[in-house]
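Novice: One structure coming up, written as structure tokens, with questions to follow.
The values are calculated or read from the model by the stated rules, or taken from the named source; none is laboratory data. None of these values were measured; they are calculated from a predicted model. Cβ atoms come from the backbone with ideal geometry, glycine included; neighbour counts cover every protein chain shown. Just the protein is used for accessible areas: all its heavy atoms, side chains included, with ligands, DNA and RNA removed. Shrake-Rupley method; radii C 1.70, N 1.55, O 1.52, S 1.80 Å.
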Amino acid sequence: MPIYAAFLRAINVGGRNIIKMSELKECLETIHLKHIQTFLQSGNVVFESELEDTEKLQILIQHAIEFVFSINVPVIVRSQEEMKNILTANPFDNFSVLPKDKIFINYLQNLPTEETLTAFKPMDAKGDIFKIDGKNIFIYCQNPYNETKLQNNFFEKKLFTFATTRNFNTSNEILNIMERRNQ
């Protein structure tokens, strides 16, 4: 059965949208997701599903959360293969001097249109850099992430899609969880 990662945006942050991971797991079991495992308290979920359409999984999970918790949060789903490709495609890997804890991946819910990407204007981000790669944006932050202009809201407004960010190490650990299921 295919393995997926779901990233929930803006739960358990700043005392808002509080969801206990045990309750989230129970919620997701009601929509027939299998072998559910949460990671950290920030809305990272690894699961298996017979449904192979990630866009349908996003909608299904989002609706279940809204129904059970009365919270409307964007959900972004990636398959195991997508996660492997994302982490392999890290454009900052060649920069061996860049520490992994300064690299972030912004996961987009939908693929930006060519028109949107063409109209997208880079900005002065005070030394922080990014690269858009399909439905993912790689970000290198010289300073702490909470100080960069390159956060979810910036990309959501410019690219007209929901986004959520995880650091490289968290993304890598989620892939490790997914791969351990294959052993």
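Novice: Expressed as a rounded percentage, what relative contact order does region 18-124 have, with Cα pairs under 8 Å and six or more residues apart? Intermediate values should be presented prior to the final figure.
Specialist: Details: 70 pairs, mean separation 17.8, N = 107.
After rounding, I find 17 percent.
Novice: Right, here's the next one. Under a plain spin-label model, where a point goes 7 Å from the Cα along Cα-to-Cβ, how far apart in nm are Glu52 and Asn182?
Specialist: 1.6
Novice: Still on this structure, I have one more. Please report the equivalent ellipsoid semi-axes of region 45-162, computed as sqrt(5 x eigenvalue) of the Cα gyration tensor, largest first, in whole Å. Don't skip to the end; give the middle numbers.
Specialist: Working: eigenvalues 141, 61, 43 Å².
Here the semi-axes work out to 27, 17, 15 Å.
Novice: Using Cα-Cα distances under 8 Å and only pairs 6 or more residues apart, what relative contact order does the chain have, in percent? Provide the component values of the computation, followed by the final result.
Specialist: On the way: 292 pairs, mean separation 42.7, N = 183.
Relative contact order comes out at 23 percent.
Novice: At 222 nm, what helix-only mean residue ellipticity would the chain give, in deg cm²/dmol to the nearest 500, using -39500 (n - 2.57) for each DSSP H run of four or more?
Specialist: Dividing the helical sum by the residues of the chain leaves -10000 deg cm²/dmol.
Novice: Additional query: Please list log₁₀ I(q)/I(0) at q = 0.14, 0.19 Å⁻¹ for region 1-100, using the Debye equation with identical point scatterers on the alpha-carbon positions.
Specialist: One equal scatterer on each Cα of region 1-100 leads to -0.56, -0.90.
Novice: Grab every C-alpha pair in region 142-183, bin the distances at 10 angstrom width from 0 up to the longest one, and report whole percents.
Specialist: Bin by bin from 0 Å, the calculated values are 24, 36, 28, 12, 0.
Novice: Counting only heavy atoms of protein chains, what accessible area per residue, in Å², does the chain have with a probe of 1.4 Å? All intermediate terms of the calculation are to be shown ahead of the outcome.
Specialist: Working: 9710 Å² over 183 residues.
Using a 1.4 Å probe on heavy atoms only, each residue of the chain averages 53 Å².
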